[in-house]
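Worksheet: one structure, shown below.
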Amino acid sequence: MQEGERNSPRLRDVWGRLDQVTDPELDEPITDMGFVETVAISDSNEVKVSFRLPTFWCSPNFAFLMAEGIRKEVGALPWVTGIEVRLHDHMCAEEMNEAVNTGRSFSDAFALLPELGDLDEVKEKFEGKAFQRRQESVLLGLREQGFTPEQVAAMTLGQLDLVTFDDPATARQQGRYRALLTARALAKAPDDHAFPALDGAPLTVASYPVRMEQLRAVRINMEFGGALCRGLKQSRYKEVVRVGEEPTLVDFLEDRVPPRPKPG
C-alpha cells in the first residue's frame, strides 16, 4: 500500500502518529514541516516511513530524535507488525538508519564522534524550549480572551482545563502544553499552579511582563529557525508552494516540483 491511497484507515492511522513527532529544535510536527516523504504499508501490516531533512548537514542529534520518534509513534499502533524508518540525503543516513532500525542508541551508533554531544542533554534543552513556546501560546490565547494578569497568575490546572479557545491553533497548543506540563511533573493535580516556569517558580502578577518577554524571545528564535528550514528545504528539493491546485507554466519552466499532498 502506497501513500497515494488516501482513503485507507491504516494510512490515516500512521499519519496521525507521525503528526505527534516534532522537530526538536522547532517544536513543529515533521508532517507540517514536510519532512515525511513516503509511507508504505505491506499486506502483513509492516510500515516503512521515509523522511528527509532540509540540508545534508542537519544536526545528527535532531535527525536521530526524529527517526526514533517515528519508530516509537508508528510502532505503538496495535496493528503494526513491524516498522522501518529510512532517512535519506543526510551525511549520517547509513549509520542512523542502521541504529534506529536495530534498536541501538545514539551513543552506540556514534561512539567515535563524541563531539556530537549527549543526546539526553540535547533532548532536555529543546524540550524546555518547546514547553516555553507552548506556554506562551496559551498565555497569549488567554489574553486574547480577556483574562487579566491577575487572573492568569492565580489560575490552577483545573481552571485551565475548563477554558475553551476559539482559535484552533491555540486549542491545539493547550493540549500540547498540558502534556509537557504533566510529563515534567510541574503540575499534576487540579489545584496545582497552571503556569510555572521551567524551574517550577509560579507565575505572579509582578513577574508576568518579564515572563512574557522571555517567552516571546524563545518563540521568535524558533519561528526564525522554522522559516529557515522551510526555505532551505524548498530550495534544496526545488519545491514550490502553490496558491491553486495546479502548477502553472513557470513551475515547469523553472523545473520546480509541486509539493506532495498529504493524505487526509
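Working carefully through the options 150, 115, 98, find the one that is charged (D, E, K, R) and at pLDDT 95 or above.
The unique qualifying residue is 150.
Using the structure shown, decide if residue 55 is in contact with a helix residue (DSSP H, G or I) (Cβ under 8 Å, 6 or more places away or on another chain) and among the hydroxyl-bearing types (Ser, Thr, Tyr).
yes
Looking at region 181-192, is at least one residue basic (Lys, Arg) and closer than 19 Å to residue 27 by Cα?
For region 181-192, residues basic (Lys, Arg) and closer than 19 Å to residue 27 by Cα: present.
Just wondering, is there one or more residues in region 63-70 that are over 27 Å from residue 132 (Cα atoms) and in contact (Cβ under 8 Å) with a residue 24 or more places away in the chain?
There is no residue in region 63-70 that is over 27 Å from residue 132 (Cα atoms) and in contact (Cβ under 8 Å) with a residue 24 or more places away in the chain.
Take region 130-159 and flag every residue that is charged (D, E, K, R) and touching a Pro at 6+ places or on another chain (Cβ under 9 Å).
Matches in region 130-159: 143 only.
Pairs only if they're at least six apart or on different chains, beta carbon under 7 angstrom, first in region 7-31 and farther than 16 Å from residue 45 by Cα, second assigned to a loop (DSSP other than H, G, I, E, B) and of a type in the set (Ser, Thr, Tyr); list them, first residue then second.
Partner pairs satisfying both residue conditions: 18/31; 19/31.
Tell me the helices (runs of 4 or more DSSP H) entirely within region 160-264 that contain at least 2 residues that are of a type in the set (Gly, Ala, Ser) and at pLDDT 80 or above.
168-183, 208-236
I'd like the residue in region 162-183 that is surrounded by 13 or more Cβ atoms within 10 Å (Cβ to Cβ) and of a type in the set (D, E, K, R) and, out of all such residues, is farthest from residue 197 (Cα to Cα).
167
The values are calculated or read from the model by the stated rules, or taken from the named source; none is laboratory data. Please read these numbers as outputs of a predicted model, since none were measured by experiment. Backbone-built Cβ (ideal geometry, glycine too); neighbour counts: all protein chains shown.
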